[in-house]
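See structure below.
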Amino acid sequence: MGQQRTPSALDALDRLKEGNHRFVSGVRSLDALLAPMRRTEFVAGQKPFAVILGCSDSRVPVEIVFDQGVGDLFVIRVAGNIVAPSQIGSVEFAAEQFGTRLVVVLGHTRCGAVEATLEELRRPAENRSQNLRSIVDRIRPGVESLLTTDLARDADALGRQAVRANVRVSANHLRHGSEMLEELIRKDGLLVVGAEYSLETGIVDFFDGFPARNK
Ligand SMILES: [Zn+2]
């Protein structure tokens, strides 16, 4: 398999930031606009420059908020941007097959999955489906301790901190939940960062695992 050239993690991060800046400013790049017409260029292969693990929430369409086109992003979406084995496997696949070196866990403000978990911690529901519970169970450990702090008295602040805590847990899980990814981080420039998309402003804040020189 010929490894295609993909940008470094930091270059990829710059591209995402520039794309989000365009989105917030209400402009679109020509590449993104012409993407439907370039479809056939990607029949033979792809080299996505970033992997994004985002939430399924309809208000956070990944390619749109980063102003990207066809073939640019390898996107995994699941409610609450949780990390289960299939998500790790998807990241491994992209890192190995395409040489993609940037992985972003993208949470967002007012995440329903995080809010449902907080609600569950306050008032456990008995009739929740097991499948739904499997999502809540993955978010719970990262946010549980917040309920024992002062935040418990401030629902808004609690929600905001819980979203970020959940992103950190997912990012850490990706960094340490796979020997292959650990190895790529240590030796081959793979970077896993955590970010939060604001429904209110449209801005993506990269707040976790961000290399010092860029902030
Ligand atoms: Zn969400």
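Just so it is clear, none of the values below were taken in a lab; they were calculated from the coordinates. Keep in mind that this is a model prediction, so the values were computed, not measured. FYI the Cβ positions are ideal-geometry reconstructions off the backbone, even for glycines, and counts take in every protein chain you see.
Here the spin labels are modelled as points 7 Å beyond Cα on the Cα-Cβ line, and at residue 90 and residue 18 they lie 2.7 nm apart.
Overall shape: rounded for segment 9-72, with the ratio a/c of the largest to smallest alpha carbon gyration tensor axis below 1.5. Once both labels are positioned 7 Å from their Cα atoms along Cα-to-Cβ, the gap between residue 150 and residue 128 label points is 2.9 nm. Annotation note: trypsin sites (Lys or Arg not before Pro) in segment 113-208 located in DSSP loop regions with a Cβ neighbour count of at most 16 within 10 Å are 128. Once both labels are positioned 7 Å from their Cα atoms along Cα-to-Cβ, the gap between residue 43 and residue 157 label points is 5.8 nm. Longest stretch of the chain clear of exposed loop sites (GluC sites (Glu not before Pro), DSSP loop, at most 14 other Cβ atoms within 10 Å, sites excluded): 1-125. Projecting the Cα atoms of 82, 117, 50 onto the dipole axis of the chain, where Lys and Arg carry +1 and Asp and Glu carry -1 at the beta carbon, places 50 farthest toward the positive end. Seen from residue 195, the other residues with C-beta closer than 12 Å to its C-beta sum to a net charge of 0, counting Lys and Arg as +1 and Asp and Glu as -1.
What you get for the chain, charging only the Cβ of Lys and Arg (+1) and of Asp and Glu (-1), is a dipole of about 140 debye around the Cα centre. Rounded to the nearest 20, the size of the Cβ-charge dipole of segment 115-215 about its Cα centre is 160 debye, with Lys and Arg at +1 and Asp and Glu at -1.
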